[in-house]
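S.K.: Have a look at this one.
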Amino acid sequence: MASMIVISTTAVPDHVRGALSRWLVEPAPGLYVGTVSARVRDQLWSAVSQCIADGAAVCLHPDDNEQGFTIRTAGERRRHVTDFDGLQLIRFLPELPPQP
C-alpha cells in the first residue's frame, strides 16, 4: 500500500537529487514529497543514505507506532533521533569549537 513520505536533503550530490526527483515532487529546494510504496521508499532511502557524502538527509514516513510516523536520518548533523520509551525525540549535540 502506498503512503506519503517526506525527505529533506542538505548539500547532497546532484545524482541523489536526480534520483529523488524521479519519484517525488520537489516543492522547495532539498524538500521532496510523494506517495510511494514501502519497497520504493526503502530503496530510495538506501540510495540516499549510501551516497550522502558530506551532506545530510531526513526521511519521515507513516508507521504503526504511538507517533504515527518514523524518522530516519543520514549524514552528520547536530540533531540526532533518540528513542525514549518508544518515542522518537530529537537530541541536540553540542557545537564543536572551530578547528585552528
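S.K.: With contacts defined as alpha carbon pairs under 8 Å and 6 or more residues apart, what's the relative contact order of the stretch 1-64 in percent?
M.R.: Dividing the mean separation by the residue count of the stretch 1-64 yields 52 percent.
S.K.: Using the Kirkwood radius over Cα pairs, work out the Stokes-Einstein diffusion coefficient for the stretch 47-100 at 10 °C and 1.306 mPa s, in µm²/s as a whole number.
M.R.: Approximately 123 µm²/s, per Stokes-Einstein.
S.K.: Given a 10 angstrom Cα cut-off, can you work out which residue in ASP85, ASP42, ASP54 is the most mobile in a GNM of the chain?
M.R.: ASP85
S.K.: While we're on this one: Rounded to the nearest 500 deg cm²/dmol, what is the calculated helix-only ellipticity per residue at 222 nm for the chain, with -39500 (n - 2.57) per DSSP H run of length n ≥ 4?
M.R.: Per the formula, -7000 deg cm²/dmol.
S.K.: Two decimals is fine: what's Rg over Rh for the stretch 1-60, C-alpha atoms, Kirkwood radius as Rh?
M.R.: 0.92
S.K.: Stretched out fully, how many nm does the piece from LEU31 to LEU89 gain, at 0.36 nm a residue minus the Cα gap?
M.R.: Contour length minus Cα-Cα distance gives 18.8 nm.
S.K.: Note down, for the chain, the three equivalent ellipsoid semi-axes (square root of 5 times each alpha carbon gyration tensor eigenvalue), biggest first, whole angstrom.
M.R.: In descending order, the three semi-axes are 23, 20, 10 Å.
Throughout, read-outs are computed from the coordinates displayed, never taken from laboratory work. The structure presented is a predicted model; accordingly, all values stated were derived computationally and were not measured.
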